[in-house]
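Asker: Please find one structure pasted underneath; my questions will follow.
All of the numbers you see were taken from the coordinates with simple rules; none came from a lab. Keep in mind that this is a model prediction, so the values were computed, not measured. Neighbour counts run over all protein chains shown; Cβ positions are idealised from the backbone, glycine included.
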Amino acid sequence: MADLFWTPEHLEEMVSARSRILGPQVWAAATPDPRHLISFAGGLPDIPSLPGEQLLRAARAVIEREQKEALEYGGTFGPLPLRDAIAERSSRIEGIPLTRDNVIIASGSAHAIGMVCETLLDPGDVVMVESPNFPGSMRTIRSFGATQVAIPMDEQGMRCDILEDELQKLADQGKRAKFIYCIPTHQNPAGCTLQLDRREKLLELARRFNTFVLEDDAYGELWFEQTPPPSVFALSNGDHGIKVSSFSKIIATGLRMGWIMGPPALISRVAALRYDMGSSPFLGRVIAEMMRNGDLDRHIENLRGIYLRKLERVEDALARYTAPYATYTRPLGGFFLWLQLRPGLNSRDVQMAANEKGVVVGQGPQFFADGNATNHIRLAFSYVAMEEIEEGIHRLGEAMAEVAARTAAK
């Protein structure tokens with residue numbers, strides 16, 4: 001029998017440096033649990049609200065009106081009708097003039113962040129990253145060989161005073177951060193929203209230290225009762241900010257469609273590194289039709305009410321079942337509630353005890369750029385069925401009580 005080629009040792013020699021950085025573990029490929037679970041783990045949209053009828057109506061209009069264009073290749077920048085629709089709608093929302101030249105379409109915001117990183121990062125570059133943060137983005141940044149500097153957060157978001165200190169340390173070494181990555185609006189996992197004065201300070205620091213802000217805005221439109229401050233991208237007039245957004249949270253994750261907004265010169269350089277012939281012209285035109293006919297705006301307005309009602313039900317249940325064990329700051333929008341456990345309760349222990357009761361929550365150092373995890377649990381209230389919320393929080397409270405009792409007995 002001939003020697004095997006793809007031995008583990010030979011595989012490590014053959015794969016790229018990026019592959020070696022990440023190792024063999026596949027991202028987001030967990031084995032399904034056969035039990036019926038009440039899941040507060042995933043940042044996924046509410047299932048009953050998925051806009052199947054609106055998508056079907058838009059798809060029919062696209063096929064009837066522009067079948068040829070919709071079913072051909074669409075170009076490296078993405079479908080023109082979608083770029084135009086995003087630019088027009090974003091000009092209205094952001095309050096700054098934008099055209100299709102400011103927009104490139106991606107396969108969701110995760111892909112968009114990867115495209116930005118591929119265009120801008122070299123091994124050894126430094127990126128400032130708010131911490132806690134979305135693990136997928138930090139994984140992408142790390143894969144390009146960049147060093148991530150964790151900037152801690154408080155209830156108001158990124159600590160700009162600490163960011164300033166870290167940027168100054170780099171400057172004293174003759175270096176600079178390639179960019180500052182953050183989720184300023186309805187942050188994942190912390191749920192907080194960076195207020196206007198901090199956004200302005202963030203931009204002032206970016207300008208002073210010759211860098212820019214990569215703004216991840218997957219949840220920005222899902223506010224509950226108060227419109228958030230202008231985006232960092234808008235405040236920078238599209239100059240010291242690049243914004244990535246997604247239709248995953250405001251329409252459906254299965255569409256795999258997102259976009260990057262930035263200065264045209266940078267958007268062109270992002271496109272120059274693209275190898276996949278662009279995103280789906282058909283899906284792009286379907287989404288553009290939803291935007292043109294008003295269905296998207298109506299759907300988002302409906303989602304705001306749904307997620308507010310879910311949050312209120314979660315808060316009701318938390319007051320009844322977990323009040324002795326955890327506190328939180330109420331989010332102004334988005335999918336997440338960040339529970340601070342009382343001293344002596346270990347978040348990993350609570351997560352495992354909850355899992356034994358069929359309840360899944362988010363926890364762990366994967367949310368932290370430097371692994372220095374605080375004692376929090378993330379509740380994603382967006383996906384769990386409304387009728388299961390109270391039972392899920394009840395079981396979570398029981399898990400907390402059991403961990404508290406075990407801790408007290410030690």
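Asker: Across the chain, where is the longest run that never hits GluC sites (Glu not before Pro) in a DSSP loop with at most 13 other C-beta atoms within 10 Å? It would help to have the intermediate numbers written out before the result.
Answerer: On the way: sites that count: E72, E155, E225.
No qualifying site falls inside 226-410, the longest such stretch.
Asker: Can you spot the aspartates and glutamates whose alpha carbon is less than 18 Å from K310's alpha carbon? Ignore those fewer than 8 places along the same chain.
Answerer: Within the straight-line limit of under 18 Å, K310 reaches these aspartates and glutamates: D46, E221, E225, E301, E387, E388, E390, E391.
Asker: Further, regarding this structure: Take the alpha carbon gyration tensor of the range 224-321, find the square roots of its eigenvalues, order them as a ≥ b ≥ c, and report rounded if a/c is under 1.5; if not, report prolate when a/b exceeds b/c, else oblate. Can you show the working numbers first?
Answerer: Numbers: a/c = 2.31, a/b = 1.64, b/c = 1.40.
Taking the square roots of the gyration eigenvalues as a ≥ b ≥ c, the range 224-321 is prolate.
Asker: Restricting the count to DSSP beta bridges whose residues both fall in the chain, what percent are antiparallel, rounded to a multiple of 5? Don't skip to the answer; put the middle values down first.
Answerer: Numbers: 19 of 37 bridges.
Within the chain, antiparallel bridges account for around 50 percent of the total.
Asker: Check which residues have an amide H placed less than 5 Å from I151's amide H, if you skip close sequence neighbours.
Answerer: It is V129, E130, S131, by chain and number.
Asker: Straight-line reach only, C-alpha to C-alpha below 16 angstrom: list the lysines that K178 could link to, leaving out same-chain residues fewer than 8 apart.
Answerer: Candidates past the 8-residue exclusion: K169, K243.
Asker: Looking at the range 52-296 only, what percent of DSSP beta bridges run antiparallel? Nearest 5 please. Mind dumping the intermediate values first?
Answerer: Details: 10 of 26 bridges.
Taking every DSSP beta bridge within the range 52-296, about 40 percent pair in antiparallel fashion.
Asker: Show me the three semi-axes of the equivalent ellipsoid for the chain, from the C-alpha gyration tensor (sqrt of 5 times each eigenvalue), largest first, rounded to whole Å. Walk me through the numbers before you get to the answer.
Answerer: Working: eigenvalues 219, 152, 118 Å².
Output for the chain: semi-axes of 33, 28, 24 Å.
Asker: Here's a follow-up. Considering amide H positions built from the backbone, and no H for Pro or chain starts, which residues 5 or more places from M257, or on another chain, come under 5 Å of its amide H?
Answerer: Close amide H contacts, sequence-distant or interchain: G108, F247, S248.
Asker: Hand me the trypsin sites (Lys or Arg not before Pro) from the range 6-107 located in a DSSP loop with no more than 15 other Cβ atoms within 10 Å, in residue order please. Please list the in-between numbers first.
Answerer: On the way: sites: R18, R20, R35, R57, R60, R65, K68, R83, R89, R92, R100; in loops: R35.
Filter output for the range 6-107: R35.
Asker: Using a 10 Å Cβ count of at most 15 others and DSSP loop calls, identify the longest part of the chain lacking such chymotrypsin sites (Phe, Trp or Tyr not before Pro).
Answerer: Working: sites that count: F5, W6, W27, Y73, Y275.
Here the longest segment lacking exposed loop sites spans 74-274.
Asker: If you don't mind, another one. What is the gain in length, in nm to one decimal, between E88 and R18 on full extension, counting 0.36 nm per residue of separation less the C-alpha to C-alpha distance? The partial results should precede the final answer.
Answerer: Details: separation 70, 0.36 × 70 = 25.20 nm, distance 3.73 nm.
Gain in length upon complete extension: 21.5 nm.
Asker: May I ask you to evaluate 6.51 cos²θ - 1.76 cosθ + 1.60, the Karplus curve with θ = phi - 60°, for each residue of the range 161-178 and list the ³J(HN,Hα) values in order in whole Hz, giving x for glycine and proline?
Answerer: In residue order, the calculated couplings are 5, 6, 4, 4, 4, 5, 5, 5, 4, 5, 4, 5, 8, x, 10, 8, 6, 5 Hz.
Asker: Rounded if a/c is under 1.5, else prolate if a/b is larger than b/c, else oblate: which is the range 52-296, with a ≥ b ≥ c the root eigenvalues of its Cα gyration tensor?
Answerer: Working: a/c = 2.13, a/b = 1.64, b/c = 1.30.
Prolate shape, in that a/c is at least 1.5 and a/b is the bigger ratio.
Asker: Just want to confirm a number: the relative contact order over the chain, from Cα pairs under 8 angstrom separated by 6+ residues, in percent. Intermediate values should be presented prior to the final figure.
Answerer: Values: 746 pairs, mean separation 97.2, N = 410.
Over the chain, the number comes to 24 percent.
Asker: Moving to a separate point now. Quick one: if you stick a label point 7 Å off each Cα along the C-beta vector at Q195 and T7, how many nm between them?
Answerer: 6.2 nm
Asker: Something else about it: Can you give the extra length, in nm with one decimal, that the chain gains between Y73 and E225 once fully stretched, where that is 0.36 nm per residue apart less the Cα-Cα distance? Provide the component values of the computation, followed by the final result.
Answerer: Working: separation 152, 0.36 × 152 = 54.72 nm, distance 4.12 nm.
Full extension of this stretch gives 50.6 nm more.
Asker: So what are the ³J(HN,Hα) numbers for the range 211-227, from phi and the Karplus equation (6.51, -1.76, 1.60; θ = phi - 60°), rounded to whole Hz, Gly and Pro as x?
Answerer: After applying 6.51 cos²θ - 1.76 cosθ + 1.60, I find 9, 8, 9, 8, 9, 8, 10, 5, 10, x, 7, 9, 7, 9, 10, 9, 4 Hz.
Asker: In nm, to one decimal, how far is the E155 label point from the L44 one, both placed 7 Å along Cα→Cβ?
Answerer: Taking the simple label geometry, E155 and L44 are separated by 3.3 nm.
Asker: Name the residues whose placed amide hydrogens come within less than 5 Å of the amide hydrogen of L98, ignoring near sequence neighbours (fewer than 5 apart) on the same chain.
Answerer: S91
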